[in-house]
1. Filter region 177-193 down to residues that are at pLDDT 95 or above and open to solvent by 30 Å² or more (accessible area, probe 1.4 Å) and give me whichever is nearest to residue 142 (Cα to Cα).
2. Of the numbered conditions (1) in contact (Cβ under 8 Å) with a residue 24 or more places away in the chain; (2) touching an Asp or Glu at 6+ places or on another chain (Cβ under 8 Å), residue 263 fails exactly one; give the number of that condition.
3. I'm checking my understanding of the structure. Among residues of region 16-38 that are away from the ligand (no atom under 16 Å from the Cβ) and closer than 22 Å to residue 86 by Cα, which one is surrounded by the fewest Cβ atoms within 10 Å (Cβ to Cβ)?
4. Mind checking which residues of region 31-66 are more than 16 Å from the chain's Cα centre (by Cα) and part of a strand (DSSP E or B)?
5. So residue 160 fits all but one of (1) within 16 Å of the ligand (Cβ to nearest atom); (2) part of a helix (DSSP H, G or I); (3) over 28 Å from residue 277 (Cα atoms); what number is the exception?
6. Can you confirm whether residue 172 is within 13 Å of residue 113 (Cβ to Cβ) and assigned to a loop (DSSP other than H, G, I, E, B)?
7. Answer with yes or no whether residue 186 is within 30 Å of residue 147 (Cβ to Cβ) and more than 16 Å from the ligand (Cβ to nearest atom).
Amino acid sequence: MSQKSPREPVVVRTRSELAGARQRLTGTVAVVMTMGALHDGHLALLRAARAANDHVLATIFVNPLQFGPNEDFDRYPRTFEADLEVCRGAGVDVVFAPSTAEMYPDGEPEVRVNPGPLGERLEGASRPGFFHGVLTVVLKLMHLVRPDRAYFGEKDYQQLTLVRRMVRDLDLPVEVVGVPTVREPDGLALSSRNRYLSPPERESALTLSRALHAGQAAAARGRGPDGVLAAARACFDEAGDSVKLDYLVLTDPGLRPVADGYRGPARLLVAAWVGTTRLIDNAPVEIA
Ligand code: PAF
């Protein structure tokens, strides 16, 4: 454990170090769970947490449980020193950065959180077991950190929805706070995976945010769900082979599918492959 100055985050690596550091935090404690490779999207979470709580604890752990056999666990960026710098700038009090053995001392857990039917759809359909892995580590981190509030980005809207659901269904004493997606000036949603994109791929990746914007614009012109989806899909037709659409769906804010007569607040969600990189994005849409 190291503490160099009052604004220097205390870095803890083990459960017992975490328990010691946690005990010294009085007042409200917020947690921001991350897999590192921190960018301005994470910074927005840390700042929102900092603004509303006495203490902020960030976790940095690349969770093997949420990567499929053909996914990018090994190539997932690990940038601890740069991450610490972001935490330092955001006024984080404690950084918990455990090893895999510290988080899973008995190897991969046999008992995992079942995310229910929503966990099998959208991201869950393309990435079997993904949300079992996410919710299992989130629950473990909630138990270890014992936060009053937990901050999650709307960029991973299905994850945010499932964490909220887990907190309700399993009676966890935590308030879940969603924070809006941070975008580049041209609309690209910030993501740790953007760094894999070549310049032409980055251009193609803009198709996702363009599609969401087209869907929102169609809704603003009075179009219903089918019109919103058609406007968004047209952006992918225009982009051709450079972007491979995985799903494009319109749901209600709780991620239940909506029929064409639906009116009210909705969510447009998209996932697509750009080269070997899979990207997701989503946006709120008001169907009048
Ligand atoms: O959103 C992420 O970075 C991860 O899914 C999380 C919540 C840190 C769990 O590993």
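1. Of all residues in region 177-193, those at pLDDT 95 or above come to 177-191.
From what is left, the residues that are open to solvent by 30 Å² or more (accessible area, probe 1.4 Å) are 177, 180-186.
On the way: 177: 14, 180: 22, 181: 23, 182: 25, 183: 28, 184: 31, 185: 34, 186: 35 Å.
For region 177-193, the residue satisfying everything is 177.
2. Against the list (1) in contact (Cβ under 8 Å) with a residue 24 or more places away in the chain; (2) touching an Asp or Glu at 6+ places or on another chain (Cβ under 8 Å), residue 263 comes up short only on (2).
3. Looking only at region 16-38, we keep the residues that are away from the ligand (no atom under 16 Å from the Cβ), and these are 16-17, 19-29.
Add one more test, that the residue is closer than 22 Å to residue 86 by Cα, and what stays is 17, 21-22, 25, 28-29.
Values: 17: 17, 21: 22, 22: 18, 25: 19, 28: 15, 29: 21.
Only one residue fits best here, namely 28.
4. The answer is 55, 56, 57.
5. (3)
6. Working: within 13 Å of residue 113 (Cβ to Cβ): yes; assigned to a loop (DSSP other than H, G, I, E, B): yes.
Criteria met by residue 172.
7. On the way: within 30 Å of residue 147 (Cβ to Cβ): no; more than 16 Å from the ligand (Cβ to nearest atom): yes.
Criteria not met by residue 186.
Let's see how each residue does on (1) of a type in the set (Lys, Arg); (2) touching an Asp or Glu at 6+ places or on another chain (Cβ under 9 Å):
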| position | (1), (2) |
| --- | --- |
| 195 | yes, no |
| 208 | no, yes |
| 218 | no, no |
| 223 | yes, no |
| 230 | no, no |
| 236 | no, no |
| 245 | no, no |
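The values are calculated or read from the model by the stated rules, or taken from the named source; none is laboratory data. In this text, all values refer to a predicted model and were calculated from it rather than measured experimentally. Here the Cβ is made from the backbone with ideal geometry for all residues, glycine too, and neighbour counts use every protein chain on show. For the accessible areas, the whole protein counts, side chains as well, though only heavy atoms, and no ligand, DNA or RNA atoms are used. Shrake-Rupley method; radii C 1.70, N 1.55, O 1.52, S 1.80 Å.
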